[in-house]
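So the structure is just underneath, and the comments pick up after that.
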Amino acid sequence: MKVADASIATIAIDADGNPATGPGGWPDGAALTTPGADHFITVWGGGARLTDSSGQTNNLTSATNLSSNAFEVDVPRSLLGPLSDPAPVWVG
């Protein structure tokens with residue numbers, strides 16, 4: 001990554017582990033669907049947010065490390081609620 005705003009990544013989480021629940025459609029025009037996904041952590045060079053199954057968003061603390069070619073994001077555990085074991089996760 002040569003510039004901070006060159007990339008975006010989303011992590012989709014199926015918190016209850018049930019593919020029949022959760023909207024599954026990814027936010028921000030990603031045109032991706034994963035059955036049961038109900039939390040989406042989206043991070044880009046200028047920020048990060050958590051989107052829940054109802055479309056509500058919470059801004060998150062994030063940083064972009066250009067020398068490591070990496071995003072860093074802090075997600076307060078309290079924002080995710082209970083997680084099943086396992087809770088499937090997808091990254092796109």
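The values are calculated or read from the model by the stated rules, or taken from the named source; none is laboratory data. Keep in mind the model is a prediction, meaning the values are calculated, not measured. Glycine also receives a Cβ, built like all others from the backbone with ideal geometry; neighbour counts cover every protein chain displayed. We work out accessible area using only protein heavy atoms, side chains counted, and drop any ligands, DNA or RNA first. Shrake-Rupley method; radii C 1.70, N 1.55, O 1.52, S 1.80 Å.
Who wins for biggest fluctuation among Gly45, Gly17, Gly29 in a Gaussian network model of the chain, springs between alpha carbons below 10 Å?
Gly29
Roll a 1.4 Å probe over the protein chains and send me the accessible area per residue for the chain in Å².
On a per-residue basis, the chain sits at 58 Å².
When the dipole is taken about the Cα centre of the chain, and only Lys, Arg (+1) and Asp, Glu (-1) are charged at their Cβ, what size is it in debye, to the nearest 20?
220
Which residues in region 12-36 place their backbone N less than 15 Å from a point set 7 Å from the Cα of Ser54 along the Cα-to-Cβ direction?
Output list for this probe position: 22-23.
Which part of region 43-69 falls in the paramagnetic zone of Arg77, meaning amide N under 15 Å from the point 7 Å along Cα-to-beta-carbon?
Label zone hits: none.
For region 25-35, what does the Karplus curve 6.51 cos²θ - 1.76 cosθ + 1.60, with θ = phi - 60°, yield as ³J(HN,Hα) per residue in whole Hz, taken in order and with x for Gly and Pro?
x, 6, x, 6, x, 5, 6, 10, 9, 10, x
If Lys and Arg each add +1 and Asp and Glu each add -1, what is the summed charge of the other residues whose beta carbon sits under 10 Å from the beta carbon of Gly81?
Residues near Gly81 contribute -2 overall.
For Asn18 and Thr33 in one chain, what is 0.36 nm times their gap in residues minus the Cα-Cα distance, to one decimal in nm?
Full extension from Asn18 to Thr33 adds 4.0 nm.
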